[in-house]
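The values are calculated or read from the model by the stated rules, or taken from the named source; none is laboratory data. The model shown is predicted, which means the values in this text are computed figures rather than measured ones. Cβ sites come from the backbone with ideal geometry, for glycine too, and all protein chains shown count toward neighbours. Surface accessibility is based on the protein's heavy atoms, side chains included, excluding ligands, DNA and RNA. Shrake-Rupley method; radii C 1.70, N 1.55, O 1.52, S 1.80 Å.
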Amino acid sequence: MLTFQPGALRAVTHLIARRMGSDEAEATEVADHLVRANLAGHDSHGVGMLPTYVRLLNDGLLVPNQTPETVLDAGALLVIDARRGYGQRMTADAVRRAIGKAKEHGACVLAFRNSAHVGRIGTYAELATSQGCAFTAFVNVADNRDIAATYGASEPRLGTNPFCTAVPGPDGQPMLLDMATTTIAAGKARVAYNKGVPVPDDCLIDPTGAPTNDPAGFIRDHTGALKTFGLHKGSGLAVMCEIMATAVAGGQAAHEPAKGGVLNSMLAIIIDLAKIGDPAAVIASVGATRAHVKSARPAPGVTEVLTPGEPERLSAARRNAAGIEVDETSWSDIRAAALTLGIAEAEFEQASRANT
Ligand code: NAD
């Protein structure tokens with residue numbers, strides 16, 4: 001394992017995004033997003049995504065500096081087509097606009113279509129909660145092979161379709177649930193494969209539909225599938241993420257022809273707490289629920305009962321202090337992707353030593 005300061009990973013990401021063609025603001029947004037995902041402990045959605053982004057760029061499936069199309073801007077409704085724009089930039093801009101509309105109308109329903117990979121959904125939830133808004137998003141993943149097997153299926157028919165919901169809490173710490181609807185996110189199988197470790201039970205099936213802990217078939221040979229979580233209930237949520245993001249929000253669906261990219265679409269509902277009631281009372285209520293849930297006696301082998309969003313905050317505190325570990329395979333893939341963009345070895349090395 002290699003260990004980097006967050007600033008070093010931001011500098012490397014910024015360098016790569018700039019060389020991919022992004023303007024300064026976009027490169028900064030992408031770098032902040034990816035490194036925050038690493039800090040939150042979600043290496044699957046951190047700097048390890050960069051080689052994929054370079055491949056998508058080369059295949060014409062990710063467009064830096066894209067101008068999104070506003071399909072509809074009417075009262076509390078905002079419909080945006082990101083036209084394969086760089087996901088972190090497209091989504092943050094769309095959510096910022098939607099927050100503005102929620103402040104005006106009390107709430108905004110954002111239908112956001114066809115963005116290149118948007119990364120960690122929780123980042124957009126944090127944008128909303130930092131502005132005193134509640135946030136709920138149903139997201140789908142399309143334009144590639146299906147990788148998620150729904151309940152009772154022995155082969156995949158969906159993407160990892162994340163669901164995210166958040167409400168501001170005391171001390172700037174929202175209650176924030178942000179999850180793939182598969183037992184593990186696809187990138188976690190990639191990270192396990194790169195580290196040479198098995199994935200936990202109940203995450204993967206092999207091509208026959210039998211359970212497996214070995215990520216090699218899924219990552220290297222593109223066989224088998226991730227399982228949706230929580231039996232028929234998690235599977236149902238995965239299907240509804242697909243429906244909300246496609247049938248309702250108008251994004252590309254898993255059943256439509258794929259070009260081998262990563263397209264995320266999202267139906268998000270943003271509520272301004274100051275318009276619906278008293279934000280201070282909401283925050284106090286979230287704090288009381290958090291305390292109540294955490295007051296339960298921990299299960300055997302568990303030291304502390306945690307609530308949604310806490311593991312990410314604990315990880316960020318640890319990694320801000322001790323640095324972020326990146327496995328050697330992921331780092332050499334990032335370096336190789338950088339070199340294909342014409343970045344010189346020395347320039348890459350210099351960025352990877354930055355400490356800002
Ligand atoms: P995860 O399983 O690590 O965590 C899911 C949720 O459970 C989080 O809200 C977390 O705070 C909470 N949690 C975790 N451990 C807990 C504990 N011990 N007690 C209480 N709560 C706990 O997350 P994941 O499903 O692997 O998803 C990882 C990331 O992948 C998310 O940020 C998601 O947005 C992202 N994702 C993105 C896409 C995409 O296409 N853009 C697709 C899938 C997932």
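Kindly provide the set of residues from region 198-228 that are part of a strand (DSSP E or B) and surrounded by fewer than 14 Cβ atoms within 10 Å (Cβ to Cβ), ordered by number.
Selection gives P211 alone.
Would you be able to say whether some residue in region 17-24 is not assigned by TED's automatic domain parsing to the domain that holds A346 and not in a helix (DSSP H, G or I)? So far as region 17-24 goes, no, none of its residues is not assigned by TED's automatic domain parsing to the domain that holds A346 and not in a helix (DSSP H, G or I). Residues in region 255-265 include at least one that is assigned by TED's automatic domain parsing to the domain that holds F163 and closer than 22 Å to A128 by Cα.
From the list G277, G287, G236, G261, pick out the single residue that is in contact (Cβ under 8 Å) with a residue 40 or more places away in the chain, more than 15 Å from the ligand (Cβ to nearest atom) and either under 20 Å from A142 (Cα atoms) or exposed (fewer than 15 other Cβ atoms within 10 Å of the Cβ) (or both). Walk me through it before giving the result.
Details: G277 fails: in contact (Cβ under 8 Å) with a residue 40 or more places away in the chain; G287 fails: either under 20 Å from A142 (Cα atoms) or exposed (fewer than 15 other Cβ atoms within 10 Å of the Cβ) (or both); G261 fails: more than 15 Å from the ligand (Cβ to nearest atom).
Being in contact (Cβ under 8 Å) with a residue 40 or more places away in the chain, more than 15 Å from the ligand (Cβ to nearest atom) and either under 20 Å from A142 (Cα atoms) or exposed (fewer than 15 other Cβ atoms within 10 Å of the Cβ) (or both) holds for just one of G277, G287, G236, G261, which is G236.
Filtering region 321-338 to residues that are of a type outside the set (D, E, K, R), open to solvent by 40 Å² or more (accessible area, probe 1.4 Å) and closer than 16 Å to L56 by Cα leaves only A336. Taking the listed residues R313, R297, R318, the one that is in a loop (DSSP other than H, G, I, E, B), among the basic types (K, R) and open to solvent by 60 Å² or more (accessible area, probe 1.4 Å) is R297, with no other qualifying.
Does D43 qualify as being open to solvent by 60 Å² or more (accessible area, probe 1.4 Å), within 16 Å of the ligand (Cβ to nearest atom) and in the same structural domain as G342 (by TED's automatic domain parsing)? So D43 fails the test.
Of all residues in region 129-141, how many are outside any strand (DSSP E or B) and either within 12 Å of the ligand (Cβ to nearest atom) or touching a helix residue (DSSP H, G or I) at 6+ places or on another chain (Cβ under 6 Å) (or both)? Let's see the steps before the verdict.
So in region 129-141, the residues outside any strand (DSSP E or B) come out as 129-132.
Subset that is either within 12 Å of the ligand (Cβ to nearest atom) or touching a helix residue (DSSP H, G or I) at 6+ places or on another chain (Cβ under 6 Å) (or both): 131-132.
Matching residues across region 129-141 total 2.
Okay, residues lined up against (1) touching a residue at least 12 places away in the same chain (Cβ under 8 Å); (2) within 13 Å of the ligand (Cβ to nearest atom); (3) more than 13 Å from the chain's Cα centre (by Cα):
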| site | (1), (2), (3) |
| --- | --- |
| M90 | yes, yes, yes |
| G100 | no, no, yes |
| H105 | yes, no, yes |
| V118 | yes, yes, no |
| I121 | yes, yes, no |
| D143 | yes, yes, yes |
| I147 | yes, yes, yes |
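Answer yes or no: is there a residue in region 296-306 that is in contact with a helix residue (DSSP H, G or I) (Cβ under 9 Å, 6 or more places away or on another chain), within 14 Å of the ligand (Cβ to nearest atom) and not β-branched (V, I, T). Among the residues of region 296-306, at least one is in contact with a helix residue (DSSP H, G or I) (Cβ under 9 Å, 6 or more places away or on another chain), within 14 Å of the ligand (Cβ to nearest atom) and not β-branched (V, I, T), which makes the answer yes. Does A189 count as in contact with a Phe, Trp or Tyr (Cβ under 6 Å, 6 or more places away or on another chain), among the small types (G, A, S), outside the structural domain of T52 (by TED's automatic domain parsing) and within 30 Å of S330 (Cα to Cα)? In short, yes.
If the condition is being surrounded by 15 or more Cβ atoms within 10 Å (Cβ to Cβ) and assigned to a loop (DSSP other than H, G, I, E, B), then region 160-197 contributes T160, N161, P162, P168, G169, Q173, P174, A180, T181, T183, I184, A185. Could you please find all residues in region 54-88 being of a type in the set (K, R) and assigned to a helix (DSSP H, G or I)? The answer is R55, and nothing else.
So that you can scan it fast, the table gives a plain yes or no per residue for (1) within 16 Å of the ligand (Cβ to nearest atom); (2) assigned by TED's automatic domain parsing to the domain that holds S130; (3) part of a strand (DSSP E or B); (4) more than 30 Å from D81 (Cα to Cα):
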{"residue": "A253", "(1), (2), (3), (4)": "yes, yes, no, no"}
{"residue": "I270", "(1), (2), (3), (4)": "no, yes, yes, no"}
{"residue": "R335", "(1), (2), (3), (4)": "no, no, no, yes"}
{"residue": "G342", "(1), (2), (3), (4)": "no, no, no, yes"}
{"residue": "E347", "(1), (2), (3), (4)": "no, no, no, yes"}
{"residue": "N355", "(1), (2), (3), (4)": "no, no, no, yes"}
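Provide a single number: the residues in region 123-140 that are open to solvent by 10 Å² or more (accessible area, probe 1.4 Å) and either in contact with a Cys (Cβ under 6 Å, 6 or more places away or on another chain) or without any contact (Cβ under 8 Å) to a residue 12 or more places away in the chain (or both).
The number of residues fulfilling the criteria is 1.
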